[in-house]
Amino acid sequence: MSQWSEFVAAHAEGGVLDGVVARVVPFGAFVEVADGIHGLLVSPVVPEVGSRVRVRIGSVDVERRRFSLVTA
């Protein structure tokens, strides 16, 4: 089973996770919530790279291997 498949099987929409901001972009930040697993945090207030954040899974797109996050 791939790392992505394992992550999706273990975490549902609405689940709360701790992560680290890996990259900041104009519309939010990519947060690493597991080894090699990044989600997009869309937020008007974006923490700095390396910051630890608590996030909630907003939606999951299994086909495109993407998921959105909101601040928890």
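The values are calculated or read from the model by the stated rules, or taken from the named source; none is laboratory data. Keep in mind it's a predicted model, so treat the numbers as computed, not measured. With ideal geometry, Cβ positions are generated from the backbone for all residues, glycine too; neighbour counts draw on all protein chains shown.
Close Cβ contacts (under 6 Å, 6 or more residues apart or on different chains) running from residues in the stretch 46-62 that are over 20 Å from Val24 (Cβ atoms) to residues that are among the charged types (D, E, K, R) and part of a strand (DSSP E or B) are absent.
For the stretch 19-60, residues that are within 11 Å of Ala72 (Cα to Cα), of a type in the set (D, E, K, R) and more than 9 Å from the chain's Cα centre (by Cα) total 1. The residues listed here are Gly28, Gly39; of these, the one that is modelled with pLDDT under 95, under 27 Å from Ser5 (Cβ atoms) and not aliphatic (A, V, I, L, M) is Gly28. Only residues that are in contact with a Phe, Trp or Tyr (Cβ under 9 Å, 6 or more places away or on another chain) and in a loop (DSSP other than H, G, I, E, B) were counted in the stretch 47-72, giving 2. Among the residues that make up the stretch 20-42, is at least one of them in contact with a helix residue (DSSP H, G or I) (Cβ under 8 Å, 6 or more places away or on another chain), touching a residue at least 40 places away in the same chain (Cβ under 8 Å) and either surrounded by 11 or more Cβ atoms within 10 Å (Cβ to Cβ) or not in a strand (DSSP E or B) (or both)? Scanning the stretch 20-42 turns up no residue that is in contact with a helix residue (DSSP H, G or I) (Cβ under 8 Å, 6 or more places away or on another chain), touching a residue at least 40 places away in the same chain (Cβ under 8 Å) and either surrounded by 11 or more Cβ atoms within 10 Å (Cβ to Cβ) or not in a strand (DSSP E or B) (or both). For the stretch 43-72, taking the residues that are polar (S, T, N, Q) and either touching a Ser or Thr at 6+ places or on another chain (Cβ under 9 Å) or surrounded by fewer than 12 Cβ atoms within 10 Å (Cβ to Cβ) (or both), the one that is modelled with the lowest pLDDT is identified as Ser43.
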